[in-house]
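Shown next, in structure tokens, is the structure this report addresses.
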Amino acid sequence: FNDWSQIESPSPIGENAVHGLNLDWRRFVTDQTISFFQNEIVPLKEITPNIPITTNFMADTHDLIPFQGLDYSKFAKHLDVISWD
């Protein structure tokens with residue numbers, strides 16, 4: 001790839017057979033979500049340093065399998081409390 005327009009996210013109705021690309025996509029989405037999350041945390045920590053930071057994780061299915069699009073374990077070092085929906 002040499003341009004972002006050439007990259008399509010894995011999809012049940014599109015390409016999803018290349019396991020390496022699927023793994024890279026999940027890592028990218030996790031890193032982007034953590035970056036967004038950190039942009040929310042920084043001003044909160046400056047204003048309210050003694051209030052714990054948390055976010056509400058969720059499951060993908062009724063049997064409580066964690067949401068497969070994000071690596072929740074990577075969030076742990078950025079949180080004070082982990083909560084579950």
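The values are calculated or read from the model by the stated rules, or taken from the named source; none is laboratory data. If you're wondering where the values come from, they're calculated on a predicted model, not measured in any experiment. Heads up, the Cβs are rebuilt from the backbone with ideal geometry, glycines too, and the neighbour counts pull from every protein chain shown.
On the basis of being out of contact with any Phe, Trp or Tyr (no Cβ under 6 Å at 6 or more places or on another chain) and at pLDDT 90 or above, does Leu44 make the cut? So Leu44 passes the test. Scanning segment 15-41 for residues that are exposed (fewer than 10 other Cβ atoms within 10 Å of the Cβ) and modelled with pLDDT under 90 gives Ala17, His19, Gly20.
Within segment 4-14, is there a residue that is outside any loop (DSSP other than H, G, I, E, B), surrounded by 10 or more Cβ atoms within 10 Å (Cβ to Cβ) and not polar (S, T, N, Q)?
No - not one qualifying residue is present in segment 4-14.
The numbered conditions (1) in a helix (DSSP H, G or I); (2) without any contact (Cβ under 8 Å) to a residue 24 or more places away in the chain; (3) of a type outside the set (Val, Ile, Thr) are all true for Arg27 except (2). Scanning segment 47-85 for residues that are loosely packed, with under 11 Cβ neighbours inside 10 Å, aliphatic (A, V, I, L, M), modelled with pLDDT of 85 or more and not in a helix (DSSP H, G or I) turns up Ile51, Val81.
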